[in-house]
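Worksheet: the structure to be examined is printed underneath.
The values are calculated or read from the model by the stated rules, or taken from the named source; none is laboratory data. Quick caveat, the model's predicted, so the values are computed rather than measured. With ideal geometry, Cβ positions are generated from the backbone for all residues, glycine too; neighbour counts draw on all protein chains shown. Heads up: the accessible areas ignore ligands, DNA and RNA and are worked out on the full protein's heavy atoms, side chains in. Shrake-Rupley method; radii C 1.70, N 1.55, O 1.52, S 1.80 Å.
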Amino acid sequence: MGKLVVLKLGKGHFEQGFPVTLQIGDEGAPPAIETTGELPPAPEIPVCYTQWQQIYRRLDLSGRPIGLPKVVTPKATIADCEAAAHQLRDRLNDWLDARSFRPVREKWLEQLDPNEIIRLVVQTDDAQLRRLPWHLWDLMERYPYTEIALSLLEFHKRPTRPISLTPQVRILAILGNSQNIDIQKDRAILEQLTDAKVTFLVEPARQDLSDRLWEQSWEILFFAGHSTSQSEDNSGLIHLNQTETLTISQLKHGLEKAMERGLKLAIFNSCDGLGLARELAYLQIPQLIVMREPVPDRVAQEFLKYFLAAYAEGEPLYLAVRSARSRLQGLEGEFPCATWLPVICQHPAEIPPTWQQLKGAVEQSGAAKKPSATQRSIDSPPLSFRRSLPWLFAISLLTTGLVTGVRYAGLLQSAELKALDLGLQMRPKEPRDPRLLVVEVTEKDIQAQAKQDPSKPADVSLSSRSLAQLLDKLEPLQPSVIGLDLYRDPVGKEFPQLAERMKNSDRLIAVCFRADPNSNRPDVAPPPEIPTEQAIARLGFSNVLTDPDGIVRRHLLSMDGTQACPAQYAFSTQLALHYLAQQNINLEFKSDGTWKLGKALIRPIEFPTGGYFNLDGRGHQILLNYRSRKNRSSFSSLAEVVDRISLGTVLSGNLTPESVKDRIVLIGTTAHTASFQDYFTTPYTREPGGQDIPGVMLHAQMVSQLLSAALESRPLLWTGALWTETLWIGAWSLLGALLALYLRHFAVLSVASGTAIATLFGICLVLLVQFGWWVPLLPTAIATLSSTGVVFISRSWIAR
């Protein structure tokens with residue numbers, strides 16, 4: 001149940017102001033909260049409305065305004081109308097923000113939740129107040145499930161009038177005088193209703209209409225044609241045919257009989273209906289929808305189409321009107337202020353029926369009462385909980401099976417990987433890893449080497465001369481290990497000391513490349529100075545695994561060596577193992593294929609796993625848990641997680657001992673030219689401000705992952721077994737089914753489903769951040785919403 005809010009505007013006028021009473025309560029119950037305030041004098045409000053009304057009625061719009069005064073010249077423009085509308089809106093909101101009215105406004109904000117369904121009934125006898133566009137009150141923008149109705153101050157409680165059970169909603173549709181308008185479209189819209197029985201009276205005589213009201217039962221009375229208000233909105237007139245007009249008072253007895261038989265809603269899809277509404281209010285008609293001003297043909301037709309579609313699908317009457325009225329905004333470029341026209345007029349003691357209730361489900365009365373047996377059968381789930389369980393489990397099982405089958409076929413892999421990327425991007429920043437230093441060869445360094453050594457080939461980023469000078473600077477500062485992420489030709493004879501150092505230095509790790517059939521890249525042999533017998537300990541392959549979308553999400557740790565590239569461990573693995581060995585931490589192998597490295601248990605990926613279903617599982621690979629931090633632009637930066645220094649800076653002597661001692665030093669190029677394209681796409685590349693990262697920085701990320709896991713228990717990314725993921729998806733699918741079983745209103749169910757999906761996303765994000773657990777998000781959300789939809793549709797069908 002939602003909330004009923006009544007805003008009573010007592011006797012007064014715009015020259016003196018109006019006393020105001022605000023009442024708030026649950027739907028169907030007496031008001032629980034009441035507060036008072038006052039709206040101050042505001043004589044400019046009716047003036048602004050009159051100005052807008054005069055301009056609006058001078059627009060050149062095809063409408064249904066027979067009986068209104070015709071103003072031939074001058075014609076008004078759409079811009080004139082919009083300007084007057086803006087002025088009226090501003091004056092209205094200034095008035096509703098007055099100090100004397102603030103107790104009412106503050107009580108509203110304090111007591112009402114924007115996510116609640118709220119019916120706001122404005123009770124007033126003042127004709128000018130009833131004309132105002134109350135939907136422009138700025139509070140309405142904050143409360144998307146609120147719609148406004150008008151009501152008189154004085155009313156009488158109507159006796160309980162039961163509705164007989166019928167399989168269809170019975171509608172009496174009066175198609176009146178259609179001179180210069182097209183009401184056949186109204187008829188076509190009504191004829192499209194699948195669970196309604198519509199009886200059409202086309203330009204009927206007064207006696208024919210009266211007989212139908214007396215002799216048959218109707219739930220809805222509909223009129224399309226010409227109408228107008230008279231006597232300052234105290235009465236109204238409809239044009240039954242081209243020769244006969246009719247006031248509401250002339251149909252009084254027939255309408256009273258129709259209400260005795262169960263008439264609940266009248267819709268006058270015609271012009272200037274507030275006078276009709278006032279007369280019908282005296283007859284205590286439960287609900288009424290009219291147009292406050294002359295209405296163009298197309299606006300009237302589109303409103304009817306949108307309203308009936310939403311109402312028949314299960315939306316509460318007020319929300320169906322708000323939805324249909326809001327959708328008219330798309331027409332306001334041609335028909336200004338179209339959203340102003342539809343308005344509900346309400347008997348305050350009536351609870352608006354749903355479409356299902358119009359088909360004969362409940363009693364309606366002004367006072368709160370115990371639901372009838374029929375009402376309970378519709379307001380509660382169609383079956384008892386115990387009897388519903390097998391049905392719910394069957395739907396959840398079917399939904400889970402279908403989603404899991406689609407997932408195992410690999411059809412969700414791309415979307416699941418993007419969801420993982422989003423989760424990684426949303427993690428909090430992490431500090432720099434102080435154990436690593438990257439010496440980067442920049443484009444400026446390459447240009448400087450070319451000037452110093454013209455014989456250096458253009459495709460060589462680090463000459464032998466520069467490498468020798470660099471190692472001379474680094475090794476005396478006692479780094480833990482040095483990784484050379486560069487493919488090198490043999491050292492020239494003019495640098496024998498460099499060749500000897502590369503041959504004998506046990507702290508220098510070089511790279512080779514294993515031929516990759518996926519990228520057609522050939523083998524790249526290691527530096528010939530590295531002895532073959534030391535290949536296992538001093539060589540690492542630089543191969544990187546990319547997913548089908550080109551993003552690096554996996555970390556290849558090891559694979560069998562080949563003759564061209566005998567390395568068995570990845571470059572990053574070698575660097576991490578050398579560093580940890582100096583701290584007496586060595587790699588251990590478990591019988592199940594798990595690696596134990598310090599505090600870390602490293603389990604290889606077994607395909608299919610997580611969101612991966614169409615990839616090979618060559619080698620020993622895990623998911624790559626990037627370390628990121630925010631740069632100065634507040635974007636994630638993978639290149640700033642370790643200290644960096646350029647080659648030129650090192651060679652110029654600007655290197656401190658503490659920046660090198662006991663650290664892993666990686667040497668690689670970050671130049672981005674045609675000759676050097678060692679850059680990779682990561683999950684962070686496609687977020688705002690993201691960029692590809694150099695290969696040397698990618699290897700630094702991988703080294704940091706291994707060190708942080710082994711020494712600090714920083715979580716590695718992992719996935720659950722397939723059966724646990726299937727249970728997870730099934731549990732959420734069952735939750736979605738339960739929501740649809742117990743939440744009857746589509747709007748409430750939509751909010752609850754959105755909340756459930758947001759909760760699911762939050763849980764998945766927390767598990768990823770805190771424990772490194774990659775939980776399936778997208779398949780779970782699909783299963784949840786699918787089971788919700790299936791149960792909701794099934795429940796609606798059963799209720800019919």
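Tabulated data
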| item | result |
| --- | --- |
| Distance violations [Cα-Cα > 20 Å] among LYS418/LYS599; LYS596/LYS661; LYS473/LYS503 | LYS418/LYS599; LYS596/LYS661 |
| Over 25 Å (Cα to Cα) - which of LYS3/LYS257; LYS8/LYS252; LYS11/LYS257; LYS3/LYS107; LYS8/LYS257 fall in this group | LYS3/LYS257; LYS8/LYS252; LYS11/LYS257; LYS8/LYS257 |
| Length gained when the stretch LYS252-ASN586 is fully extended (0.36 nm per residue, less Cα-Cα span) | 110.7 nm |
| Bridge type composition, the chain - antiparallel percent by DSSP, nearest 5 | 45 |
| Within the accessible area of segment 69-134 (1.4 Å probe), percent carbon and sulfur | 50 |
| The chain: relative contact order in percent, alpha carbon pairs under 8 Å with at least 6 residues between | 11 |
| Lys/Arg +1, Asp/Glu -1 at C-beta; the chain dipole; positive extreme among TRP728, GLY483, SER235 | TRP728 |
| Probe 1.4 Å - accessible area at ILE793, Å² to nearest ten | 120 |
| Spatially proximal aspartates and glutamates relative to LYS451 (Cα-Cα < 18 Å; intrachain offsets below 8 disregarded) | GLU443, ASP459 |
| Aspartates and glutamates with Cα under 12 Å of LYS305, excluding same-chain neighbours fewer than 8 positions away | ASP186, GLU191 |
| For segment 421-511: accessible area per residue (Å², 1.4 Å) | 50 |
| Cα-based convex hull volume of segment 660-800 per residue, rounded to whole Å³ | 169 |
